[in-house]
Amino acid sequence: MERTTSMLSNRTTEYLVITVLLIASSALILSNLGNIYLWQDEAETALLAKSVLSHGLPIAYDGKNYISQTFGLDNGRNFIHRWHPWFPYYLLAGFLAVFGTSTIIARLPFALMGIGTVLLTYYYGKTLWVSRRAGILAAGLLLICVPFLLLVRQCRYYAPAAFFSLAGLYAYSELLEGRKRASIAFVLAAILLFHTHYVYYAALLAAVITHTLLLKRDRLKLVLSLSAITVM
C-alpha cells in the first residue's frame, strides 16, 4: 500500500513539474510571436519553405524574385539552395501547408521545438544526475537564458539544432546504460541534426566518440558503428 501511494505521489509530482515547465516555456517563447516582421535570415527560411510547397525543393527563384544573401554563392544549379541543410525548410513548409502563411506560423514550428528543448533538458538533467531537482534546475536555468529564448523564437535552424543536439546526447547517455531503443534514438537524432546543421552534427559525433574513447571503451565499437550509420 505504501509503495503504491509513493508511486502515485511521484507520478503526480512528475505531472506537476511537466505542467509548470510547459506553461512557463509557452508563456516565454510563444508570447507576441508575430509582433515583429521576419528579419533577413528568417525571411530567407520562410521564402525557401514556400518554394518547397511550390516545387518540392528549396529553389531560390520564383520567376520574379531571387533569394540570396551571398550574391548567388548560396545557390547551385537551377537555383537550388545549397548553403544550409534542408530540414528547417521542409518543417516550415508542412506548417504553411496546414495553417497558411503568416509571421506567427512562420515562427511557430521552431518555437514549439524550443519548448520541446526545455522539456528535454529536464528529462536529460534528471537522468544524468539521477535527481528530479537537477532536472528542474537545468530546465529553469535554460528558461532564464535570454539568448536561448531569442533564438528559438526565430524562423531559423536554431531551435531544431538545439533540440536534436540535446536529443542525441540524451540518447547517448541512455545507450551507455543499455536502454532499449537508445541506439535507434541516437541514430535518428544525429541524422536529423545532420539535415539541420552540419557543424552541430559533427560536434555531436566528436563529443560522444571522444567521451567513449576516454571513459567508456567497452562501448566504443557500438558508438563508432552507430556514428558510421548516420554518415551513410
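The values are calculated or read from the model by the stated rules, or taken from the named source; none is laboratory data. None of the values given here were measured: they were computed from a predicted structure. Here the Cβ positions follow ideal geometry from the backbone for every residue, glycine too, while neighbour counts run over all protein chains shown. Note: areas computed on protein heavy atoms with side chains; ligands, DNA, RNA excluded. Shrake-Rupley method; radii C 1.70, N 1.55, O 1.52, S 1.80 Å.
Looking at THR210, THR196, which one is polar (S, T, N, Q), part of a helix (DSSP H, G or I) and either under 13 Å from ILE229 (Cα atoms) or at pLDDT 95 or above (or both)? Steps first, please.
Numbers: THR196 fails: part of a helix (DSSP H, G or I).
Within the list THR210, THR196, the selection yields THR210.
Would you say ARG179 is open to solvent by 20 Å² or more (accessible area, probe 1.4 Å) and either among the acidic types (Asp, Glu) or assigned to a helix (DSSP H, G or I) (or both)? Working first, answer last.
Details: open to solvent by 20 Å² or more (accessible area, probe 1.4 Å): yes; either among the acidic types (Asp, Glu) or assigned to a helix (DSSP H, G or I) (or both): no.
Here the answer is no, as ARG179 does not meet what is asked.
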Of the conditions (1) under 18 Å from SER25 (Cα atoms); (2) modelled with pLDDT under 95; (3) not aliphatic (A, V, I, L, M), GLY140 satisfies every one except a single condition; which number is it? (2)
Of everything in region 185-202, what is without any contact (Cβ under 8 Å) to a residue 40 or more places away in the chain and exposed (fewer than 15 other Cβ atoms within 10 Å of the Cβ)? Give them in sequence order. VAL199, ALA202
Long-range neighbours under 6 Å by Cβ, at least six apart or interchain, first residue part of a helix (DSSP H, G or I) and at pLDDT 95 or above within region 217-232, second surrounded by 15 or more Cβ atoms within 10 Å (Cβ to Cβ) and of a type in the set (Phe, Trp, Tyr): LEU226/PHE186
Which one is surrounded by the most Cβ atoms within 10 Å (Cβ to Cβ), of the residues in region 24-51 that are farther than 16 Å from SER102 by Cα and among the aliphatic types (A, V, I, L, M)? ILE29
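Would you mind stating whether TYR172 is at pLDDT 95 or above, farther than 27 Å from LEU224 by Cα and either touching an Asp or Glu at 6+ places or on another chain (Cβ under 9 Å) or assigned to a helix (DSSP H, G or I) (or both)? Break it down into steps so the answer makes sense when it comes.
Details: at pLDDT 95 or above: yes; farther than 27 Å from LEU224 by Cα: no; either touching an Asp or Glu at 6+ places or on another chain (Cβ under 9 Å) or assigned to a helix (DSSP H, G or I) (or both): yes.
Spelling it out, it is not the case that TYR172 is at pLDDT 95 or above, farther than 27 Å from LEU224 by Cα and either touching an Asp or Glu at 6+ places or on another chain (Cβ under 9 Å) or assigned to a helix (DSSP H, G or I) (or both).
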Does any residue in region 95-112 that is more than 16 Å from VAL52 (Cβ to Cβ) and without any contact (Cβ under 8 Å) to a residue 12 or more places away in the chain come within less than 7 Å, Cβ to Cβ, of a residue that is surrounded by 13 or more Cβ atoms within 10 Å (Cβ to Cβ) and acidic (Asp, Glu) six or more places away or on a different chain, and which pairs are these? none
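Could you identify the single residue in LEU57, LEU21 that is in a loop (DSSP other than H, G, I, E, B), modelled with pLDDT of 70 or more, surrounded by 13 or more Cβ atoms within 10 Å (Cβ to Cβ) and hydrophobic (A, V, I, L, M, F, W, C)? Write out each step before concluding.
Numbers: LEU21 fails: in a loop (DSSP other than H, G, I, E, B).
After applying the criteria, what remains is LEU57.
Is it the case that ARG107 is charged (D, E, K, R), at pLDDT 95 or above and more than 22 Å from PHE186 (Cβ to Cβ)? Give the steps one after another, and end with the answer.
Values: charged (D, E, K, R): yes; at pLDDT 95 or above: yes; more than 22 Å from PHE186 (Cβ to Cβ): yes.
Answer is yes for this residue.
Quick check, is SER165 under 23 Å from LEU22 (Cβ atoms), open to solvent by less than 40 Å² (accessible area, probe 1.4 Å) and in a helix (DSSP H, G or I)?
Values: under 23 Å from LEU22 (Cβ atoms): yes; open to solvent by less than 40 Å² (accessible area, probe 1.4 Å): yes; in a helix (DSSP H, G or I): yes.
Taking the combined requirement at face value, the residue satisfies it.
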